[in-house]
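Data block below; observations after.
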Amino acid sequence: MKIVIANGTTEAKFVIDMFKDDPNNELVVINSSKEVVDQIVATKQIRVTHGDPWRDYILDEANITFADVFVALSNSDTDNYASCILAKRAYSVKKVICLVQNPSNVEIYRKLGIDSVVCSTYLLTENIKSESSMERLVRTLTLENNKIVVTEVPVLSNYRVCALPIAKINFPRYASIAAIYRDNTVIIPNGQVVINAKDVLLIITSPDKQSDIISFIKEKRKK
Amino acid sequence: MAIKNKIIIIGCGRLGSSIANYFSGRGENIVVIDSSEASFTRLDNNFSGYTAVGDASDLSFLENQGYIETARKVIITSGDDNLNLFLTHVADKIYGVEEIYVRFDDPQKSLLISGEPNVRGIYPFQLSFDNFLALDEEDEK
């Protein structure tokens with residue numbers, strides 16, 4: 001995999017360490033700071049192009065055409081944006097990843113064509129949200145830039161869905177039970193499988209329906 | 001839907017302020033945005049538009065004030081090419097602004113706005129060079 005690492009300091013060094021030992025990877029490192037270039041060259045023994053990654057002659061020099069991944073790690077959101085857009089439009093890079101500081105840029109950069117936008121504050125708030133779900137004994141995992149949520153819901157004996165085959169519970173169409181954990185085994189469910197108390201249901205849904213499906217499963221059986 | 005009647009000028013340096021003064025003289029509905037209050041001293045004493053201090057790279061600032069939704073024309077003149085590129089794409093692709101003018105120091109940025117008939121690039125380097133060639137040709141005669 002050809003990976004381009006554009007700007008960044010500690011982030012760049014970390015990404016380089018993650019990928020440099022695999023002989024299948026070709027790392028292309030570009031950095032605007034002479035100081036960072038010297039540090040990387042001295043400690044990582046790889047070639048680094050010195051210059052701004054939003055300039056075409058620098059990307060030409062670094063030879064990034066048809067790279068698989070381009071990741072922009074500077075602390076300026078707009079510099080990262082400009083570098084990613086140039087790499088994608090003019091150098092046919094397959095996937096561009098942009099680090100941003102301002103959480104409100106996450107959605108907008110995606111809309112403007114950046115394949116993946118990473119923001120630590122945004123991730124932090126997403127984590128806080130899933131922590132608050134944890135309090136209700138639910139764990140979540142978000143995938144595909146938060147378009148898919150996988151939620152773990154443990155079943156209690158007083159839930160309406162408990163002791164019924166899946167076909168009988170009128171499970172909403174906006175979600176699906178991907179798997180059931182039961183006594184350390186995984187069951188891939190079909191309509192005949194009966195949900196037991198202490199099962200953990202692994203539910204796939206969109207983020208906006210997550211709380212609906214949790215309430216559906218947690219609905220108590222009528223006495 | 002908001003009425004699109006404003007001219008938004010981002011950056012109040014020499015170019016931005018001159019454009020703002022020009023449109024103000026024509027009685028247009030103008031908003032000038034700059035991150036520094038001091039920049040607005042470049043505006044004429046009888047400047048009739050609005051000024052707003054803020055970070056144009058923070059889209060929530062542009063949105064909260066309702067500026068960009070009501071823009072008929074957006075003129076982007078900040079000294080940061082990458083910011084200008086981002087704002088151009090936002091005005092064009094997110095808000096569908098009909099007329100966008102953007103200044104770039106690096107003429108190569110034209111690569112990234114080509115094919116958009118509503119976006120016009122202004123390149124001070126190119127203008128100076130063309131000007132030099134014209135002067136030189138005149139002197140040669």
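The values are calculated or read from the model by the stated rules, or taken from the named source; none is laboratory data. Source: prediction; values computed, not measured. All Cβ positions, even for glycine, are placed from backbone atoms using ideal geometry, and neighbour counts span all protein chains on display. Just so you know, the surface numbers come from the protein's heavy atoms only, side chains and all, with ligands and any DNA or RNA stripped out. Shrake-Rupley method; radii C 1.70, N 1.55, O 1.52, S 1.80 Å.
Looking across the range A:94-111, the residues that are open to solvent by 10 Å² or more (accessible area, probe 1.4 Å), of a type outside the set (Lys, Arg) and touching a residue at least 24 places away in the same chain (Cβ under 8 Å) come down to A:ILE97, A:LEU99, A:GLN101, A:ASN102. A single entry from B:TYR50, B:TYR101, B:TYR67 fulfils the requirement of being out of contact with any helix residue (DSSP H, G or I) (no Cβ under 6 Å at 6 or more places or on another chain), open to solvent by 70 Å² or more (accessible area, probe 1.4 Å) and among the aromatic types (Phe, Trp, Tyr): B:TYR50. Scanning the range A:160-195 for residues that are open to solvent by less than 60 Å² (accessible area, probe 1.4 Å) and either touching a Ser or Thr at 6+ places or on another chain (Cβ under 6 Å) or assigned to a loop (DSSP other than H, G, I, E, B) (or both) turns up A:VAL161, A:CYS162, A:LEU164, A:ILE169, A:PHE171, A:PRO172, A:ALA175, A:PRO189, A:GLY191, A:VAL193, A:ILE195. Using the structure shown, decide if B:PHE86 is part of a helix (DSSP H, G or I), within 14 Å of chain A (Cβ to nearest Cβ), closer than 19 Å to B:ILE10 by Cβ and touching a Phe, Trp or Tyr at 6+ places or on another chain (Cβ under 6 Å). Considered against the rule, which asks whether it is part of a helix (DSSP H, G or I), within 14 Å of chain A (Cβ to nearest Cβ), closer than 19 Å to B:ILE10 by Cβ and touching a Phe, Trp or Tyr at 6+ places or on another chain (Cβ under 6 Å), B:PHE86 comes out as yes. Being β-branched (Val, Ile, Thr), within 11 Å of another protein chain (Cβ to nearest Cβ) and crowded, with 20+ Cβ neighbours inside 10 Å is a property that B:THR77 lacks. Taking each residue of the range B:101-116 that is without any contact (Cβ under 8 Å) to a residue 12 or more places away in the chain and under 23 Å from B:ARG72 (Cα atoms) and looking for partners that are open to solvent by less than 20 Å² (accessible area, probe 1.4 Å) and part of a helix (DSSP H, G or I) with beta-carbon atoms closer than 9 Å, six or more apart or interchain, yields nothing. Modelled with pLDDT under 85 and either outside the structural domain of A:ASN102 (by TED's automatic domain parsing) or not in a loop (DSSP other than H, G, I, E, B) (or both): does that describe A:LEU137? Yes.
Every condition in (1) closer than 17 Å to B:GLY11 by Cα; (2) under 16 Å from the mean Cα position of the chain (by Cα) holds for B:PHE61 except the one numbered (2). Against the list (1) more than 11 Å from chain A (Cβ to nearest Cβ); (2) open to solvent by less than 60 Å² (accessible area, probe 1.4 Å), the condition B:LYS109 fails is (1). Scanning the range A:112-121 for residues that are open to solvent by 40 Å² or more (accessible area, probe 1.4 Å) and either under 13 Å from B:PHE86 (Cβ atoms) or not in a loop (DSSP other than H, G, I, E, B) (or both) yields a total of 3.
Quickly run through the range A:196-218 and pick out the residues that are open to solvent by 50 Å² or more (accessible area, probe 1.4 Å) and under 27 Å from the mean Cα position of the chain (by Cα). A:ILE204, A:PRO207, A:ASP208, A:LYS209, A:SER211, A:ASP212, A:SER215, listed by residue number.
Counting only helices (runs of 4 or more DSSP H) wholly contained in the range A:1-102, the ones carrying 3 or more residues that are among the aliphatic types (A, V, I, L, M) and within 13 Å of another protein chain (Cβ to nearest Cβ) occupy A:77-91.
Among the residues examined, B:GLY66 does not qualify as farther than 24 Å from B:SER17 by Cβ and in a loop (DSSP other than H, G, I, E, B).
Being at pLDDT 95 or above and open to solvent by 10 Å² or more (accessible area, probe 1.4 Å) holds for only one residue in B:GLY121, B:GLY96, B:GLY115, and it is B:GLY121.
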